[in-house]
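A.B. asks: Pasting in a structure now, in structure tokens, and then I'll have a few things to ask.
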Amino acid sequence: MLEPDNFVVREYFRKRIGDEGLKIMMTVPEGEITDEEIAKLSDTKLTAVRKTLYRLYENRIAEYRTERDDNSGWITYLWRFNYTNVKKIMEDEADGKLAELNGQLEEEQKGVFYQCGCQRVLFEEAAADNFLCAECGANFEYVANDDLINSLEGQIAKLEKWKEKIKNE
Ligand SMILES: [Zn+2]
């Protein structure tokens, strides 16, 4: 099972399919499964499972086919996760986030930052205002951003490692 175990990607799925969807996605095994079986496995109410399955369907994460019982006329929905799409969605999300983080890292690396009581600005802005903030009246003081740079580099490395892992799954 492809688990969205990276924080960034898990949050993305949580936003799109909710906590229930995430729970279902992470408990359902590969292969076809009915909504009743999913409800039992994930310990979720059937109505909630159905609602979630349609949301997964709309997001092209889950697919279904129907089977009709010739005697009773009863229709069974057999659900299946589209792992190719899930993988693609995860990779796209990771790529988007990586681009954002790399952009942020670049800005932090080339900029020199100053801080007052209300905002953080670039050296150029602070200098243009004679190092005095017009908003809060405080002086702009130099702030080191090494910790922020380290944190961004850490997040980027983690996300890249996770992407590599997904690719090989
Ligand atoms: Zn200020």
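The values are calculated or read from the model by the stated rules, or taken from the named source; none is laboratory data. None of these values were measured; they are calculated from a predicted model. With ideal geometry, Cβ positions are generated from the backbone for all residues, glycine too; neighbour counts draw on all protein chains shown.
A.B. asks: Could you check segment 113-167 for strands (runs of 3 or more DSSP E) lying wholly inside it with 1 or more residues that are on the phi < 0 side of the Ramachandran plot, within 15 Å of the ligand (Cβ to nearest atom) and surrounded by 15 or more Cβ atoms within 10 Å (Cβ to Cβ)?
C.D. replies: 113-115, 120-122
Okay, residues lined up against (1) at pLDDT below 90; (2) β-branched (V, I, T):
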{"residue": "P4", "(1), (2)": "yes, no"}
{"residue": "G21", "(1), (2)": "yes, no"}
{"residue": "E32", "(1), (2)": "no, no"}
{"residue": "K40", "(1), (2)": "no, no"}
{"residue": "T44", "(1), (2)": "yes, yes"}
{"residue": "T52", "(1), (2)": "yes, yes"}
{"residue": "I75", "(1), (2)": "no, yes"}
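A.B. asks: Any residue that is outside any helix (DSSP H, G or I), loosely packed, with under 15 Cβ neighbours inside 10 Å, among the charged types (D, E, K, R) and within 16 Å of the ligand (Cβ to nearest atom) - is there at least one of those in segment 80-97?
C.D. replies: no
A.B. asks: Select from segment 18-48 the residues that are closer than 14 Å to W79 by Cβ, among the aliphatic types (A, V, I, L, M) and assigned to a helix (DSSP H, G or I) and list them in ascending order.
C.D. replies: I24, M25, I38, A39, L41, L46
A.B. asks: Restricting attention to segment 147-161, which residues are closer than 11 Å to Q104 by Cβ and without any contact (Cβ under 8 Å) to a residue 24 or more places away in the chain?
C.D. replies: Across segment 147-161, the qualifying residue is only S151.
A.B. asks: Which numbered condition trips up E93, out of (1) without any contact (Cβ under 8 Å) to a residue 12 or more places away in the chain; (2) within 24 Å of A157 (Cβ to Cβ)?
C.D. replies: Going through (1) without any contact (Cβ under 8 Å) to a residue 12 or more places away in the chain; (2) within 24 Å of A157 (Cβ to Cβ) one by one, E93 breaks only (1).
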